[in-house]
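The values are calculated or read from the model by the stated rules, or taken from the named source; none is laboratory data. Source: prediction; values computed, not measured. Because the Cβ atoms are built from the backbone with ideal geometry, glycine has one as well, and the counts that use them run over all protein chains shown.
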Amino acid sequence: MLTDITIGQYFPGASLLHRLDPRTKIILLFLFIIDIFVFDTPLSYGLLSLFTVSLIYFSQVPMRMMIKSIKPLWWILLFTFLINLCSVSGEAFAHIWIFALTWEGLRQAVFICLRLILLILLSSLLTFTTSPLALTDALENLMGPFKRLGMPAHELAMMMTIALRFVPTLIEETDKIMKAQKSRGSDFSSGSLLHRVKSLIPILVPLFISAFRRADELAMAMEARCYRGGVGRTQMKALRITTIDYVAYGASLLFACTLVGLKVIGI
Amino acid sequence: MKYTSLTTRSLTIIAMLGALSAVLMLFEVPLPFAPAYMRVDFADLPALFAGFFLGPVSGTLVIIIKLLIKLIIKGTETAFVGEFMNLMCSVAFLLPASLIYKYFHTKEGAILGLCTATAAASVFAVFGNLYIALPMYVSLYGISMDLILQMAAAVNPLVHDMTSFLLFCILPFNLLKYTLISAFTYLLYKRTDTALRRLLDTGKQIETIK
């Protein structure tokens, strides 16, 4: 039940997108999300879709993996599509039972679904081409300026790294504890809601204790290796902005300007 | 605010509880009287635990770590709206509880804190849904508010309009959710606290309860 969860969706590779600095990718992702919400004409959406598809091509991530990332939202998409199709008033082109299907409804349905798909594809592109550790490093770096305001950027990144490392371990441990309890005759999946909720306590207690024990051992190991916080700490793989990052920023800004231009002209 | 660094041990504890919180997020229990998208999960439990054990700031960090891990593992389905609401509600729950417990470091203080927090977070969830989450979902998915109300009315006959939706659907859901989490935290804290203090042999680095 819990064993089929993979941590992160990183797809190793050496494509253009893989080689971009993770900070660049995060910043540009936000730029594109803003683009998607601000420019809502058919032409801009066509351009944005074209852009996304070409990014997927450049990333060398197989198309079936991208489609897999939309899969969990398949029902929401279908539902949103149907609701919009049937509920928007306008000139009807077909009648099914009591619903009138309108051109305006069809237009809006396609529109909303395209928007959701673009949002998902772009954010999955980030996680497909960037390892969780690179993302954490980038977050630490991007939060750097807020350190003065009391934001514990380094500590947060260190905790993220530790947490990411231990999520699979804790999942495995939960599974083990559940099996141990089951083999002693406890039952988690039947009975009333109260019963099911109550049966979680014998799982949670050992889980918390073991999480604390691991934390204690890890702290000991870190201090034995002279960990003393983020000041003066260096990285083995330091983040570096290279030419492709400048090219990416330039291209994205140009793209955004084109969209602004189209909006001004009113197409 | 002064930049203070955490001790290594509280850092690893917060990280581990953040990971645990992300794991617990995967166990979800649907409730009978609310629409299917509202589910109870126990991800707030480790955060509250950290809030009691280490203090309010640590609890907030656990919540932030949980959400960042969620974003990295699952991505966002709601363009950060869901995550934002989750953050606000969790903090609204955590802060009253851990602050009251910090100043009334007794059993009564813990119970008082948990009750206040349950009420505060439920009320906050109602207003958050009314002014932030629902309008944003409406514009994101293009579904009208009436339709959300109709869906809710289909599972819960008491729902007629916005006010009754908030009062009979969102409020009881959150009250139940946070009452459950409070009860769990109380039971769990009572059972693990002594063992943990012995395990960690604390007193100096970590502030624990009497």
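Per-residue answers, yes or no, for (1) over 19 Å from B:ALA92 (Cβ atoms); (2) crowded, with 20+ Cβ neighbours inside 10 Å; (3) at pLDDT below 75:
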| site | (1), (2), (3) |
| --- | --- |
| B:GLY142 | yes, yes, yes |
| B:LEU147 | yes, no, yes |
| B:ALA153 | yes, no, yes |
| B:PRO157 | yes, no, yes |
| B:LEU166 | no, no, no |
| B:CYS169 | no, yes, no |
| B:LEU176 | no, no, no |
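Selection of the stretch B:73-93 for residues being assigned to a helix (DSSP H, G or I) and modelled with pLDDT under 80 yields B:ILE73, B:LYS74, B:VAL81, B:GLY82. Kindly provide the set of residues from the stretch A:168-221 that are assigned to a helix (DSSP H, G or I) and of a type in the set (D, E, K, R), ordered by number. A:GLU172, A:GLU173, A:ASP175, A:LYS176, A:LYS179, A:LYS182, A:ARG196, A:LYS198, A:ARG213, A:ARG214, A:ASP216, A:GLU217 - these are the residues of the stretch A:168-221 that are assigned to a helix (DSSP H, G or I) and of a type in the set (D, E, K, R).
Any residue at all in the stretch A:183-205 that is loosely packed, with under 15 Cβ neighbours inside 10 Å, of a type in the set (Asp, Glu), without any contact (Cβ under 8 Å) to a residue 12 or more places away in the chain and more than 7 Å from every other protein chain (Cβ to nearest Cβ)? Break it down stepwise before answering.
So the first thing to find is which residues in the stretch A:183-205 are loosely packed, with under 15 Cβ neighbours inside 10 Å, and the list is A:183-187, A:189-196, A:198, A:201.
Remaining after also requiring of a type in the set (Asp, Glu): A:187.
Still in the list and also without any contact (Cβ under 8 Å) to a residue 12 or more places away in the chain: none.
Looking through the stretch A:183-205, none of the residues is loosely packed, with under 15 Cβ neighbours inside 10 Å, of a type in the set (Asp, Glu), without any contact (Cβ under 8 Å) to a residue 12 or more places away in the chain and more than 7 Å from every other protein chain (Cβ to nearest Cβ).
Scanning the stretch A:2-37 for residues that are modelled with pLDDT of 80 or more and not in a helix (DSSP H, G or I) returns A:ALA14, A:SER15, A:LEU20, A:ASP21. Selection of the stretch A:38-92 for residues being under 17 Å from the mean Cα position of the chain (by Cα) and outside any helix (DSSP H, G or I) yields only A:VAL61. Only one of B:ALA110, B:ALA117, B:ALA43, B:ALA92 is farther than 22 Å from A:PHE79 by Cβ, within 14 Å of chain A (Cβ to nearest Cβ) and touching a helix residue (DSSP H, G or I) at 6+ places or on another chain (Cβ under 9 Å); which? The match here is B:ALA43.
Quick one: is B:MET136 surrounded by fewer than 18 Cβ atoms within 10 Å (Cβ to Cβ), within 30 Å of A:LEU116 (Cα to Cα) and in contact with a helix residue (DSSP H, G or I) (Cβ under 6 Å, 6 or more places away or on another chain)? Yes: the conditions hold for B:MET136. The combined condition, being within 20 Å of B:PHE168 (Cβ to Cβ), surrounded by fewer than 19 Cβ atoms within 10 Å (Cβ to Cβ) and either more than 14 Å from chain A (Cβ to nearest Cβ) or not β-branched (Val, Ile, Thr) (or both), is not fulfilled by B:LEU87.
The residues of the stretch B:1-34 that are more than 7 Å from chain A (Cβ to nearest Cβ) and at pLDDT 85 or above, listed by number, are B:SER10, B:SER21, B:LEU24. Here A:ALA138 meets each of (1) in contact with a helix residue (DSSP H, G or I) (Cβ under 8 Å, 6 or more places away or on another chain); (2) surrounded by fewer than 19 Cβ atoms within 10 Å (Cβ to Cβ); (3) more than 10 Å from chain B (Cβ to nearest Cβ) with one exception, condition (2). On the stretch given as the stretch A:206-225, residues that are surrounded by fewer than 17 Cβ atoms within 10 Å (Cβ to Cβ), over 15 Å from A:GLU173 (Cβ atoms) and of a type outside the set (Asp, Glu) total 4.
Return the residues of the stretch A:208-230 that are more than 7 Å from chain B (Cβ to nearest Cβ) and touching a residue at least 24 places away in the same chain (Cβ under 8 Å); say none if nothing qualifies. Give the derivation first.
Of the stretch A:208-230, the ones more than 7 Å from chain B (Cβ to nearest Cβ) are A:210, A:217, A:220-221, A:224-226, A:228, A:230.
Once the filter is applied, which keeps residues that are more than 7 Å from chain B (Cβ to nearest Cβ) and touching a residue at least 24 places away in the same chain (Cβ under 8 Å), the stretch A:208-230 yields A:SER210, A:GLY230.
For first residues located in the stretch B:180-198 and more than 7 Å from chain A (Cβ to nearest Cβ), partners that are among the hydroxyl-bearing types (Ser, Thr, Tyr) and lie 6+ apart or on another chain with Cβ distances below 8 Å form the pairs B:SER182/B:THR118; B:ASP193/B:THR208; B:ARG197/B:THR208.
Given the structure, is A:VAL167 under 23 Å from B:TYR186 (Cα atoms) and at the interface with another protein chain (Cβ under 9 Å from one of its Cβ atoms)? So A:VAL167 fails the test.
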